[in-house]
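What follows is calculated from the coordinates using simple rules that are stated; it is not laboratory data. Because the structure is predicted, anything quoted here is derived from the model rather than measured.
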Amino acid sequence: MDLFKNLASRLKNTGNKWTQGISNLFSDEPISDSFWEELEELLILGDVGIDLTEKLIKRLQQKSIDERISRTSELRAVFSKLLTEQLDEVKEWEPHLMSAGSRQ
């Protein structure tokens, strides 16, 4: 039992560190190339996947241009909305995936 508690604790700490890293990235700094590079690295390290990471960054970059956002702190809400939209897309597909899996 202690093994599972220890593992659960470590996984929770890993998730907290990743979340904290993302949160720290969206401080009140000017948007720079290093911001985009760090965001990409954090998303990939967080197992978001390369394709989704690229998609999120491209959409976020376009939003920053369209809405004339110049500070990372202003991007936080936009990033959150993009993640929520992405999760909503997954929820929409989940029943289709479940029914496809039960046919096999």
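Here is how the numbers come out for the structure above:
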item: Estimated vicinal HN-Hα couplings, Hz - region 33-43 in sequence order (Karplus 6.51, -1.76, 1.60; Gly, Pro = x); result: 4, 5, 4, 5, 5, 5, 4, 4, 4, 5, 5
item: Arg71 long-range amide H proximity, modeled H, under 5 Å; result: Ile31
item: Contour excess over end-to-end distance, with Cα ends at Asp33 and Leu87 and 0.36 nm allotted per residue; result: 16.8 nm
